[in-house]
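Worksheet: the structure to be examined is printed underneath.
The values are calculated or read from the model by the stated rules, or taken from the named source; none is laboratory data. Values in this document were obtained by computation on a predicted structure and should not be read as measured data. Neighbour counts are summed over all protein chains in view; Cβ atoms, including those assigned to glycine, are modelled from backbone coordinates with ideal geometry. Calculation scope for accessible area: heavy atoms of the full protein, side chains included, ligands and nucleic acids excluded. Shrake-Rupley method; radii C 1.70, N 1.55, O 1.52, S 1.80 Å.
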Amino acid sequence: MALPNELEALTEAFSGHGIHEQALVSILGKWHPEERKSFRKGSPHFFVEDERNFERWDDHHVRLLKHEFMRFKNAVVLWTMHPWERDARLAKEALIKKGPQSHGILIEIACTRSAEELLGARRAYHSLFDHSLEEDVAHHINGSERKLLVALVSAYRYEGSKVNDDAAKSEAKTLFNAIKDANKRKPIDDEEVIRVLTTRSKPHLQAIYKHYKEISGKNIDEDLDADLRLKETVQCICTPQKYFSQVLNTALKRDLDKNTKKALTRVIVTRADTDMKEIKEEYNTLYGVSLSKKIEDTANGNYKDFLLTLIARGG
């Protein structure tokens with residue numbers, strides 16, 4: 001009969017993000033048929049029993065385990081890709097496989113990369129899929145979001161430090177009025193809102209962010225709770241470390257769908273060489289625990305070790 005501590009260790013090995021491979025090897029590899037049977041009997045969350053007392057894996061958990069075993073492989077493959085190819089493939093997956101709930105990934109790519117990085121991702125998309133990213137976004141996305149997302153992925157923003165402060169103040173007022181009048185027309189349908197958010201430089205938009213708070217008393221993203229895509233756009237441009245910290249914290253919760261969990265790999269792999277140090281600092285400020293401690297407590301096995309190695313790169 002399997003020992004209680006072994007059953008507990010196996011349950012833990014199968015839970016969370018990734019799989020604790022060493023625990024599986026050291027425990028399962030030495031078990032005899034009777035011990036494996038007691039594991040099946042004692043694990044109703046993994047196994048189901050029919051009217052003939054036949055224990056079999058629950059199909060849902062088999063699918064989940066497949067995804068968990070693949071997390072380490074997927075993280076390694078993403079990490080070794082050229083960043084342009086990686087962003088192109090992430091964008092394609094968000095458009096084709098995941099559906100509207102993942103359109104925020106397109107905003108993340110368009111708004112947190114440099115102008116050259118976004119241009120490179122668009123070039124990679126051409127090579128990989130024989131389409132432009134812009135035409136696929138326009139084809140797959142309908143309604144109010146289409147104009148915003150096509151403009152974001154098409155952007156090539158000025159990256160200098162010069163900001164016209166008078167223009168920033170004026171445009172902060174424009175955004176404030178558009179959001180205040182949202183009951184008459186949604187801000188995402190306002191051409192001036194789209195123009196400002198999709199063409200202005202990041203320093204300019206950060207100046208608008210500051211002036212908006214002076215006018216409203218609240219940050220723009222706080223006033224955009226009813227418009228998720230505009231909220232994500234503002235956060236990715238103006239407070240990216242806070243945005244990524246919030247995405248990571250959501251992805252690190254247990255019992256999530258596989259697409260939400262994927263954000264953990266995506267964010268760490270894409271930011272490890274960019275601003276991971278700042279993200280870790282922001283995460284600790286927001287949640288009172290280090291990102292490495294949270295990953296240590298939540299992830300398993302080689303996947304956990306790989307993520308911890310990547311986030312340590314930034315110091």
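Tabulated results
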item	result
Kirkwood Rh and Cα Rg combined as Rg/Rh, region 19-105	1.15
For the chain, diffusion coefficient by Stokes-Einstein and Kirkwood Rh (Cα), 10 °C, 1.306 mPa s, µm²/s	73
Placed amide H near His17: partners under 5 Å, 5+ positions off or other chain	Ala299, Asn300
For Asp58, residues with placed amide H under 5 Å, excluding near neighbours	Phe47, Val48
Cysteines in the chain lacking a second Cys C-beta under 4.7 Å	Cys238
Mean accessible surface per residue for the chain, computed with a 1.4 Å probe while every protein chain stays in place, in Å²	51
Taking the chain and dividing mean pair separation by its residue count, relative contact order in percent (alpha carbons under 8 Å, at least six apart)	19
Residue order for His61, His32, His140, His17 - accessible surface, 1.4 angstrom probe, largest first	His32, His140, His61, His17
Mean projected area (nm²) of the alpha-carbon convex hull when region 190-245 is viewed from all directions	3.8
Carbon + sulfur, % of accessible area of the chain - ligands and nucleic acids excluded, 1.4 Å	51
Distance violations [Cα-Cα > 26 Å] among Lys66/Lys97; Lys186/Lys262; Lys231/Lys258; Lys231/Lys277; Lys37/Lys294; Lys231/Lys261	Lys186/Lys262; Lys37/Lys294
Measure of compaction for region 166-315 (Cα Rg per 2.2 N^0.38 Å)	1.20
Convex hull of Cα atoms in region 157-226, direction-averaged projection (nm²)	4.3
By accessible area with a 1.4 Å probe, ligands and nucleic acids excluded, highest first: order of Arg40, Arg254, Arg122, Arg113	Arg254, Arg40, Arg122, Arg113
